[in-house]
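*Asks:* Could you have a look at this structure, given as structure tokens, before my questions?
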Amino acid sequence: VALPFDFGSRDPRFIEIVADVRTRLVGLATAHGGDAFTAVPIQGSGSFGVEAMLGTLCPRETRTLVLVNGAYGRRMVHMLQVMGRACEAYEVPENTPADPEAVAARLDASPDLKTVVVVHCETTTGLLNPVEGVARVAAARGRRVLVDAMSSFGAVPLDAEVWGLDAVVSSANKCIEGVPGFSFAVVRRSTLAGSEGNAHSVSLDLHAQWLGLERDGQFRFTPPTQALAAFRQALLELEAEGGPVGRLARYTENQRVLLEEAASLGLETYLPTALQSPIITTFHQPADPAFDFRGFYDGLASRGLYIYPGKLTQANCFRVGTIGRLFPEDFRTLGAAMRSVLAAQGVTDARGPRVAV
Ligand SMILES: Cc1ncc(COP(=O)(O)O)c(C=O)c1O
């Protein structure tokens, strides 16, 4: 309903939408610490927001510790390298969460590591990293903590003030269920205020974007007006669903049904349940030689059901997202469709590869 409305980007009604969205985003990032934080939307997909966060908030003459256990952590290392910022990757296997004690040890060993960057839900697998624990050891040592909460923000619990985070970045089209077009960072005001001139880029400068928004409520450059109007509507719908708690309950139920359906087919998950977020689930591809991923994907897509290829470096997998405007019955439908496509391929055993012991 909100999407087709063609606002002028300098129209007072659009400026009011932007202000309202910013206030609501701060409210989602922290229950009580709102005054200490501000929300800065920025044009572009999630990666643009991540790059803006890194470029603006990782001080130039210091090093940054990046926790890596998947493609999105790895991408942040790449971004820092491209912008010429010194960084150290703390890499663990893709099925292993970052360890706060290991982070503490690295920070103690290297006083020039001034910033710690971590992905909340590593969407490569669906693994949840212990952001609160990482932030605790980093903040106790006076380090900055920047979080890529792209696929978790608005559903998986997080409190920027209580956890001592400096910035959290996400985008319009994940758990808040807007349409693509922009990303946003919720940033500690004091950290942002001290970051003037640090950015590597004119358009991806969160500090300059913030000053522009504070000055006249407007984006510096053409905003995705429709995406912002739709996003405000999405935020109202999130609130109507009971906020992040209500949304997480639906996603959790979506995943419960998905896992039940998958188990009945014999499909096996890549991660142990304890590490698995309700955002996206990674399954081993069936080891049965009759299985063909392309045909499996196309068979589901022809029924209007879209899954994701795997993104792992180590294992042959596929992924199923449980976020977005999806409900438990959709995962019953998916289960039935997977059963029929696997049967059509002649797959008799949907289990993943047997690992030699
Ligand atoms: C954790 C995480 N970080 C970054 C991104 C990149 O976002 P985008 O594809 O919108 O640029 C994604 C996308 O799924 C993500 O899940």
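The values are calculated or read from the model by the stated rules, or taken from the named source; none is laboratory data. Treat the numbers as computed from the prediction; the structure is a model and nothing was measured. As a convention, Cβ positions derive from the backbone with ideal geometry for all residues, glycine included, and neighbour counts pool all protein chains shown.
*Asks:* Would you mind stating whether Phe331 is touching a His at 6+ places or on another chain (Cβ under 9 Å), under 23 Å from Cys175 (Cβ atoms) and at pLDDT 95 or above?
*Replies:* Here the answer is no, as Phe331 does not meet what is asked.
*Asks:* Another question, then. How many of the residues making up region 327-354 are within 21 Å of the chain's Cα centre (by Cα) and buried (at least 17 other Cβ atoms within 10 Å of the Cβ)?
*Replies:* 0
*Asks:* Would you call Ile15 within 16 Å of the ligand (Cβ to nearest atom) and touching a residue at least 12 places away in the same chain (Cβ under 8 Å)?
*Replies:* When the stated conditions are applied, Ile15 does not pass them.
*Asks:* Right, something else. Suppose we keep only residues that are farther than 30 Å from Ala102 by Cβ and in a helix (DSSP H, G or I) within region 29-47. Which one would you say is nearest to the chain's Cα centre (by Cα)?
*Replies:* Of everything passing the filter in region 29-47, Gly34 is nearest to the chain's Cα centre (by Cα).
*Asks:* Now, a different point. Of all residues being away from the ligand (no atom under 14 Å from the Cβ), surrounded by fewer than 19 Cβ atoms within 10 Å (Cβ to Cβ) and hydrophobic (A, V, I, L, M, F, W, C) in region 27-57, which is farthest from Glu214 (Cα to Cα)? Just the residue, please.
*Replies:* That would be Ala31.
*Asks:* Considering only region 278-299, how many residues are free of Cβ contacts under 8 Å to residues at least 24 places away in the same chain and part of a helix (DSSP H, G or I)?
*Replies:* Qualifying residue count for the region: 3.
*Asks:* Residues of region 177-196 being surrounded by fewer than 24 Cβ atoms within 10 Å (Cβ to Cβ), part of a loop (DSSP other than H, G, I, E, B) and in contact (Cβ under 8 Å) with a residue 40 or more places away in the chain, which ones?
*Replies:* If the condition is that a residue be surrounded by fewer than 24 Cβ atoms within 10 Å (Cβ to Cβ), part of a loop (DSSP other than H, G, I, E, B) and in contact (Cβ under 8 Å) with a residue 40 or more places away in the chain, then Glu177, Val179, Pro180, Gly181, Ser195 are the ones that fit.
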